[in-house]
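Written out below as structure tokens is the structure these notes cover.
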Amino acid sequence: MTFWKEVEDMNNFAFHVPTDIRFGRDQIQCLPEELGKLGKKILLVYGGGSIRKTGLYDRIRSLLQDFEVYELPGIEPNPKLSSVEKGREICREKKIDAILAVGGGSVIDASKHIAAAACYEGAPWDLVLDRSLVKDALPVAVVLTICATGSEMNSGAVITNENTSEKLEINTPLLYPRLSICDPTYLYTLPAKQTAAGCVDILSHAMEQYFQPNDGAYITDALSEAVMKTVVRYAKKAMEEPEDYEARSNLMWASTIGLNHLLTVGKGGAWSVHPMEHVVSAFYDITHGVGLAILTPAWMEYVLSEGTAHRFARFAREVFGVTEPDDMRAACLSVEKVRDFNRSLGMPEHLLEAGVPDDRLEEMASEAVRTSGLSTRAYVKLGKEDVLKIFASCR
Ligand code: NZQ
Ligand code: ZN
């Protein structure tokens with residue numbers, strides 16, 4: 001375990017996010033006009049049926065009556081490569097112009113991968129293993145129904161290869177959605193558990209970008225703090241009062257800002273908890289936010305040291321209002337604050353509670369290190385033995 005030396009200056013950066021966001025009540029009215037700019041033959045991609053129950057499906061079909069619409073329902077949480085392959089076949093056979101993803105991260109990510117795979121001759125998984133092979137992609141538009149991943153305004157797509165138990169990200173500028181409709185009232189029907197998991201994910205995205213070895217990007221850190229405070233302020237409220245527009249709208253925008261590159265500009269480095277969680281959800285198909293809730297406090301405890309205490313202390317003070325003046329004591333309190341927050345949302349604290357036994361921890365630790373920058377570019381560089389200890393502490 002090695003702590004990366006702090007660098008003082010904000011890193012140079014480029015920032016270009018081409019997604020047209022339409023945020024607020026009934027913004028879906030713009031769909032025919034805006035989608036029409038992308039084409040007439042549409043592949044409508046959605047999940048296991050929530051949009052049919054909520055009436056959103058009917059609304060969209062009636063808005064799209066002048067389009068030629070084909071459907072790919074049934075995208076599963078932690079979307080699988082086989083779904084991408086199905087989507088690609090439809091795109092090719094029907095000569096689809098654009099993809100409309102209606103759902104959350106899983107539906108959007110599958111749609112992005114389908115969009116790239118439709119323009120590629122080889123196997124879709126090649127694109128995940130080597131993103132430079134993505135030379136073109138169909139345009140993707142989004143109607144967001146759960147706020148968590150930020151996929152609605154970023155260029156990443158996380159896909160699980162069920163044959164190899166790998167869950168990896170493909171990330172290239174060609175995958176930015178062209179349009180994302182974010183209506184907070186679509187979140188009203190979210191079950192409390194999904195609301196909670198989404199909030200943990202948003203918090204984690206901000207933390208991954210905040211805990212990086214660069215103290216000079218003050219403004220970027222302050223934006224992260226605003227996102228994290230928003231989650232802490234509204235998560236419970238959204239669970240208890242699902243139709244509270246203030247809570248839903250603030251969380252929805254927090255999720256978008258949380259992972260649209262704004263919180264990473266001027267900083268840099270690899271993420272820590274996400275690569276560990278992706279292996280857990282690849283092996284055991286658990287909800288992403290649940291895995292993050294279990295692993296985050298364990299990671300914090302493990303990397304907390306004299307070298308990192310000042311940043312954990314700032315996090316404790318700015319996000320949780322801790323007033324303890326001593327850095328190390330404030331830093332330790334930050335771990336407790338995150339645990340308490342997760343508990344307040346009803347999140348499990350141990351892997352076993354989430355259905356993850358402890359017989360493959362070593363294999364998972366190797367995978368997490370192999371498939372990420374954990375050992376080379378993370379805030380605190382972690383090797384396989386470190387990751388194994390973190391997993392073991394979550395048993
Ligand atoms: O499938 P349906 O029936 O639609 O139900 C979904 C699903 O079961 C349900 N749901 C969504 N909106 C609803 C609703 N139920 C009722 N009312 C609504 N309005 O919620 C369940 C979870 O949906 P999912 O899309 O899986 O959630 P989320 O947005 O959290 O996405 C998780 C996936 O995204 C990946 C995760 O690893 C995971 O595979 N991530 C993607 C990222 C990215 N592209 O940038 C970054 C993240 O760190 C993350 O890794
Ligand atoms: Zn995430």
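For the chain, averaging the sequence separation of C-alpha pairs within contact (under 8 Å, six or more residues apart) and dividing by the residue count gives a relative contact order of 18 percent. Computed on the Cα atoms alone, the convex hull of the chain gives a volume of 123 cubic angstrom per residue.
If you take the alpha carbon atoms of region 26-182 and fit the smallest convex hull around them, that volume is 94 Å³ per residue. Each peptide in 75-81, 347-353 was scored by the mean count of other Cβ atoms within 10 Å over its residues; highest first, the order is 75-81, 347-353.
Couplings for region 158-164, taken from phi via the Karplus curve 6.51 cos²θ - 1.76 cosθ + 1.60 with θ = phi - 60°, read 9, 10, 9, 8, 5, 7, 10 Hz in order; Gly and Pro are left as x. Among the listed pairs K236/K389; K236/K381; K37/K80; K193/K337; K80/K135; K229/K337, give every one whose C-alpha distance is greater than 24 Å. Exceeds cut-off: K236/K389; K236/K381; K37/K80.
With label points built 7 Å along Cα→Cβ from the Cα atoms of L133 and R329, find their separation and express it in nm. Rounded to a tenth, the inter-label distance reads 5.6 nm.
Using just its DSSP H runs of length 4 or more, each adding -39500 (n - 2.57), the chain gives a mean residue ellipticity at 222 nm of -14500 deg cm²/dmol after division by all residues.
Our summary gives region 120-235 a relative contact order of 25 percent, counting only alpha carbon pairs under 8 angstrom and 6 or more residues apart. Packing, as the average of other Cβ atoms within 10 Å across residues, places the peptides 378-384, 252-258, 9-15 in the order 252-258, 378-384, 9-15, highest first. Helix 245-258 axis versus longest C-alpha principal axis of the chain: approximately 80°, rounded to the nearest ten. If the elastic network links every pair of Cα atoms under 10 Å, which of T296, T195, T19 fluctuates the most in the Gaussian network model of the chain? Result: T19 has the largest fluctuation of those listed. Region 340-386 and region 105-151 have Cα centres spaced 26 Å apart.
Based on a Kirkwood Rh over C-alpha pairs, give the Stokes-Einstein translational diffusion coefficient of region 264-395 at 37 °C and viscosity 0.692 mPa s in µm²/s. The diffusion coefficient I find is 216 µm²/s. Solvent exposure of region 201-315, expressed per residue, is 29 Å² of accessible area, with all protein chains present and a 1.4 angstrom probe. Helix 361-370 and the long axis of the chain differ in direction by around 70°, with both axes built from C-alpha atoms. Figure legend: label point modelled 7 angstrom from the Cα of C119 along Cα→Cβ; residues of region 162-200 with amide N under 18 Å from it are 170-180.
Between S393 and S62, the FRET efficiency estimated from the beta carbon spacing at R0 = 51 angstrom works out to 0.45. Ordering L127, M347, F67 by Cα displacement along the dipole of the chain toward the positive end leaves F67 in first place; charges were set at the Cβ atoms of Lys, Arg (+1) and Asp, Glu (-1). Of the solvent-accessible surface of region 253-292, computed with a 1.4 Å probe and all protein chains present, 64% belongs to carbon and sulfur.
About its Cα centre, the dipole of region 26-182 is roughly 220 debye, where the only charges are +1 on Lys and Arg Cβ and -1 on Asp and Glu Cβ. Which parts of region 123-139 would a label at T164 reach, counting a residue when its backbone N lies under 20 Å from a point 7 Å out along Cα-to-Cβ? The answer is 123-135, whose backbone nitrogens lie closer than 20 Å to the label point.
With a Förster radius of 41 Å applied to the beta-carbon distance between D359 and K86, the computed FRET efficiency rounds to 0.80.
The values are calculated or read from the model by the stated rules, or taken from the named source; none is laboratory data. Not measured: the values here are computed from a predicted model. Cβ sites come from the backbone with ideal geometry, for glycine too, and all protein chains shown count toward neighbours. Each accessible area value is taken on the protein alone, full model and side chains, heavy atoms only, with ligands, DNA and RNA left out. Shrake-Rupley method; radii C 1.70, N 1.55, O 1.52, S 1.80 Å.
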